[in-house]
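What follows is one structure encoded as structure tokens, with my remarks underneath.
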Amino acid sequence: MPVFGLIDGNSFYCSCERAFKPSIQKKPVVVLSNNDGCSIARTAEAKALGVKMGEPYHVCKERPELSDVVWFSSNYVLYGDLSRRFYLSLAERLPKVEPYSIDEMFIDLSGFDDVAGLCALLRSEVMRVAKIPTCIGWGPTKTLAKLANAIAKKHTELNGLCDLTNEQTRKNWLDRLDIDEVWGLGKQNCAKLHKLGVRTIADFVALPPEHVQKLLSVVGKRLQLELKGQSCLSFADMETNKKSIATTKSFGRVVTQWKEMREVIATYATRAAEKLRAEGLQAGYLSVFIHTNRHSGDPYYSNQRGAVIEPTYDTAVLITESIRLLKPLWKNGYRYYKAGIILNDLSCLSNQSDLFSTYDKEKSGTLMQVLDDINARYGRGTLRPSSTALRPSWGARSAMRSPRYTTHLDEIVKARSW
DNA sequence: TCTGGGGTCCTAGGACCC
DNA sequence: TCTGGGGTCCTAGGACCC
């Protein structure tokens, strides 16, 4: 029988910040979203003080009881690098590790005699190598592993481990836990189920499957089977490619001029193209959106447009197409606050020139390779299209970003300051 | 002044085809 | 009076996740 495990980092972004700052080990720590907009990671101490997930920073700042909180702008370069170390320390000891997000991985624990002993070892290794405290849950399906992990996190007396392979143990928990603990049952679905009087996970599991499918589609039906111990979600094939690549960001200040918006879109398209090439992919569908801020009281306007394009990974082509899509979206007089580019219909790139191609793919490939090589060596933005901005005035704020300790030599930890 | 960014999967409905 | 049906592809939008 397969055993699925889920390991995840506790308050991952905060733990990354703590890894290089012993002075904040016991302090309440919060990491903020892009643009220092709202809270996205909180330590237990910060949660105890009442900092909510997604709470705006400008509101938190005014609360006197939060004066001791240590705030950080997000530092994705640092978190990404520690996530890589986290992954490597697991991959060294396990046959299959499937990263699910930056801070959690599914692991294959099938066939081990002492799973609890192994998991305790994995936790201490991740702590040693990446300085990240973790929890591990496991069971016969992914959904149960995820649930076990949530239990381990909440119940500190379990020492970070929770085993749901035993049917009786499982039943005890399912009787006690509310349906909103289930991975995949969100607000809307829980509301539907509450209307039917379904409260606990055991209640949900007891519903007739046809009934569940009618209410929650095949997703709900699958969830129910998974909770019963019948595995429907297998380990993902690591070869499977991404379905979409996006660069969507709010600005550090509102944008009101067409000239600036054109620069935004060119910059985002350039970044999206870099991500695309880093994955060895090309895109066959491109969409662009812009909107104003719906919270600010400004007149709200939001629009989006997409188009099928000849599959490409070429920055210049993607910029041209993006600007073409942007033109009909633009309306003078609005205070724009966010824009984005989304690439879809991704396929592995081929260098063979298409018979009907309107541009020279071989030449484009060479040029992009040179561009990426130079930027890899000398830093992103060393070589860039003239329509883009390197440090634009509309760029995001991140006043409280910690040093990128592990990836930038000039930002390395100082053992002693002179 | 100030409320994230980047993903996945599923469904419905229109266009088009024979 | 009676005016097909079934299939595919594309796109938009909803719900969910971290």
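All of the numbers you see were taken from the coordinates with simple rules; none came from a lab. Nothing here was measured: the structure is a model prediction, and the numbers come from that model. We place every Cβ from the backbone using ideal geometry, glycine too, and count neighbours over all the protein chains shown.
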Of the numbered conditions (1) among the β-branched types (Val, Ile, Thr); (2) within 20 Å of A:Thr141 (Cα to Cα); (3) within 9 Å of DNA strand B (Cβ to nearest atom), A:Thr240 satisfies every one except a single condition; which is it? (2)
Given (1) more than 15 Å from A:Ile341 (Cβ to Cβ); (2) touching a residue at least 24 places away in the same chain (Cβ under 8 Å); (3) surrounded by fewer than 16 Cβ atoms within 10 Å (Cβ to Cβ), number of the condition A:Lys259 does not satisfy: (2)
Of the conditions (1) farther than 19 Å from A:Asn149 by Cβ; (2) aliphatic (A, V, I, L, M); (3) in contact (Cβ under 8 Å) with a residue 24 or more places away in the chain, A:Leu122 satisfies every one except a single condition; which number is it? (1)
Among the residues of the range A:95-103, is any surrounded by 18 or more Cβ atoms within 10 Å (Cβ to Cβ), assigned to a strand (DSSP E or B) and within 16 Å of DNA strand C (Cβ to nearest atom)? yes
Condition first: without any contact (Cβ under 8 Å) to a residue 24 or more places away in the chain, away from DNA strand C (no atom under 14 Å from the Cβ) and polar (S, T, N, Q). Can you find one or more residues in the range A:204-213 that meet it? yes
Take the residues in the range A:203-218 that are away from DNA strand B (no atom under 14 Å from the Cβ) and closer than 26 Å to A:Tyr100 by Cβ, then tell me which one is surrounded by the fewest Cβ atoms within 10 Å (Cβ to Cβ). A:Val205
Positions within the range A:170-189 being in contact (Cβ under 8 Å) with a residue 24 or more places away in the chain and not in a loop (DSSP other than H, G, I, E, B), in sequence order: A:Arg170, A:Lys171, A:Trp173, A:Leu174, A:Asp175, A:Arg176, A:Ile179, A:Glu181, A:Asn189
Meets criteria (in contact (Cβ under 8 Å) with a residue 24 or more places away in the chain, more than 16 Å from DNA strand C (Cβ to nearest atom), touching a strand residue (DSSP E or B) at 6+ places or on another chain (Cβ under 7 Å) and not β-branched (Val, Ile, Thr)) for A:Tyr313: yes
For A:Lys21, are the conditions met, namely being without any contact (Cβ under 8 Å) to a residue 12 or more places away in the chain and either of a type in the set (Lys, Arg) or within 15 Å of DNA strand C (Cβ to nearest atom) (or both)? no
Under the condition of being surrounded by fewer than 13 Cβ atoms within 10 Å (Cβ to Cβ) and within 16 Å of DNA strand B (Cβ to nearest atom), which residue from the range A:144-201 is nearest to the chain's Cα centre (by Cα)? A:Gly186
In the range A:27-82, anything surrounded by fewer than 20 Cβ atoms within 10 Å (Cβ to Cβ), within 13 Å of DNA strand B (Cβ to nearest atom) and under 19 Å from A:Lys153 (Cα atoms) is listed as A:Ile40, A:Lys52, A:Met53
